[in-house]
Amino acid sequence: MSSVPASLGYRMPAEWEPHEATWLSWPHNEESWPGAFDEVPGVFVEMVRFLAESERVRINVRDQDMADSVAGLLRRAGVDAGPVSFHFNPTNDAWCRDHGPIYIVRDVDGQRERAITDWKYNAWGGKYPPFADDDAVPSRIAQEFSELRFEPGIVLEGGSIDVNGAGTLLTTEQCLLNPNRNPHLSREQIEGYLREFLGVRNILWLGEGIVGDDTDGHIDDLTRFVADDTVVTVVEEDSQDENFGLLDDNLQRLRSMRDQAGRPLNVITLPMPEAVWFDDRRLPASYANFYIANRRVLVPTYRCPRDAVALETLQRLFPDRLVLGIDCVPLIWGLGSIHCVTQQQPARGQL
């Protein structure tokens, strides 16, 4: 289309705005969790259990055999399958936040309309080929739902951005300015794409992501909006920890930033979990990788005392939602957690 979404009144909604559903891509690529895949489907089962209490769950699967297999897992675990639907979209991997559709909405005559932005996906700078099936997921979903689809023509992953729905977007220099994404674009040009296709006006840049993050600094491991004017951000209190300096730099940046109306951000801190290791590799465990569903907030936990602090903090911030912890030690071996494998589908229809 010749017109860009922003000029047509579209914007990317905040995650806490009403959902029609949550998308998942069922895990099947054992190479993403080498030697430890067996526990991963069980983590997804728990996510579906809690999400199905709140909204429809749409699961990308390869074919009917895979759908039947997943349905069997859910049934044996006692999960209510009524709100669960399967969609035959083959994937290379399970990271739906990054290969799934990034939705935008607009309100017209008391109706909320929905469209899809379909960015290029190159598996975080070409790190994990093949990725052609993943790259095709947004277009397949747009076709299935007969939804308007906009193609910006540049690389962008859903985990690299976070919005408040009111015009402000958070991202990181390490990711969006990385030459393995869009080396031909300047910072200003990338900001132009974000404004035109996501309807944001105010773009806030943090620095680097946490140690072990193979996505080159995704924002959803660092800092998340929880209200129009409020963010939570992870901090490391141990000055000897390798995450200390980079997280402190991000914290100081946030404290000097302003929202779309020029107001200082309200900055709430979350602890970092104790370091999680596998085969001598530090994994990118973070409490910021939570997911906001309609009536639930799913939070990754890592079998340490700081889990309770993170859950209590987020429950205070979401008094109208039930905050639930899910043991993500098996999942984080794949270098991602709950937010990385979920993608919200905003509600449409009468406001």
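Under the condition of being in a strand (DSSP E or B) and free of Cβ contacts under 8 Å to residues at least 60 places away in the same chain, which residue from the range 293-305 is surrounded by the most Cβ atoms within 10 Å (Cβ to Cβ)? Don't jump to the end; show me each part of the working.
Step one: filter the range 293-305 for residues in a strand (DSSP E or B), giving 296-301.
Okay, now just the ones that are also free of Cβ contacts under 8 Å to residues at least 60 places away in the same chain, so 297, 299-301.
Values: V297: 24, V299: 25, P300: 27, T301: 21.
Once the filter is applied, the top-ranked residue is P300.
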Restricting attention to the range 128-154, which residues are of a type in the set (S, T, Y) and buried (at least 20 other Cβ atoms within 10 Å of the Cβ)? none
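Could you say which residue among D68, D93, D63 is free of Cβ contacts under 8 Å to residues at least 24 places away in the same chain and farther than 24 Å from W16 by Cα? Give the derivation first.
Numbers: D93 fails: free of Cβ contacts under 8 Å to residues at least 24 places away in the same chain; D63 fails: free of Cβ contacts under 8 Å to residues at least 24 places away in the same chain.
Unique residue meeting the criteria: D68.
Condition check ((1) out of contact with any Phe, Trp or Tyr (no Cβ under 7 Å at 6 or more places or on another chain); (2) of a type in the set (V, I, T)) across all residues:
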| site | (1), (2) |
| --- | --- |
| F88 | yes, no |
| C96 | no, no |
| I104 | no, yes |
| V108 | yes, yes |
| E113 | yes, no |
| D133 | yes, no |
Which condition from (1) small (G, A, S); (2) closer than 28 Å to W23 by Cβ; (3) at pLDDT 95 or above; (4) loosely packed, with under 15 Cβ neighbours inside 10 Å is the one that G349 breaks? (3)
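Yes or no: the range 274-292 includes at least one residue that is in a helix (DSSP H, G or I) and surrounded by fewer than 21 Cβ atoms within 10 Å (Cβ to Cβ).
Within the range 274-292, the subset in a helix (DSSP H, G or I) is none.
Scanning the range 274-292 turns up no residue that is in a helix (DSSP H, G or I) and surrounded by fewer than 21 Cβ atoms within 10 Å (Cβ to Cβ).
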Can A115 be described as buried (at least 16 other Cβ atoms within 10 Å of the Cβ) and assigned to a helix (DSSP H, G or I)? no
Output the qualifying pairs, or none if there are none: Cβ atoms under 7 angstrom, residues six or more apart or on different chains, first residue in the range 306-331 and surrounded by 15 or more Cβ atoms within 10 Å (Cβ to Cβ), second residue among the acidic types (D, E). R306/E274; G325/D307; I326/E46; P330/E39
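Give the range 2-43 a look and list any residue that's under 16 Å from R348 (Cα atoms) and either free of Cβ contacts under 8 Å to residues at least 60 places away in the same chain or part of a loop (DSSP other than H, G, I, E, B) (or both), or say none. Quick ask: steps written out before the conclusion?
If we filter the range 2-43 for residues that are under 16 Å from R348 (Cα atoms), which is where we start, we get 9-23.
Scanning the range 2-43 gives G9, Y10, M12, P13, A14, E15, W16, E17, P18.
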Of the residues V79, V70, V137, which is farther than 18 Å from T215 by Cβ, in a helix (DSSP H, G or I) and β-branched (V, I, T)? V70
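Residues are listed down the side, and each one gets a yes or a no for (1) under 19 Å from Y10 (Cα atoms); (2) buried (at least 23 other Cβ atoms within 10 Å of the Cβ):
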position: L156; (1), (2): yes, yes
position: G192; (1), (2): yes, no
position: T233; (1), (2): no, no
position: D238; (1), (2): no, no
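The values are calculated or read from the model by the stated rules, or taken from the named source; none is laboratory data. Note that the structure is a prediction, hence the values are computed from the model and not measured. With ideal geometry, Cβ positions are generated from the backbone for all residues, glycine too; neighbour counts draw on all protein chains shown.
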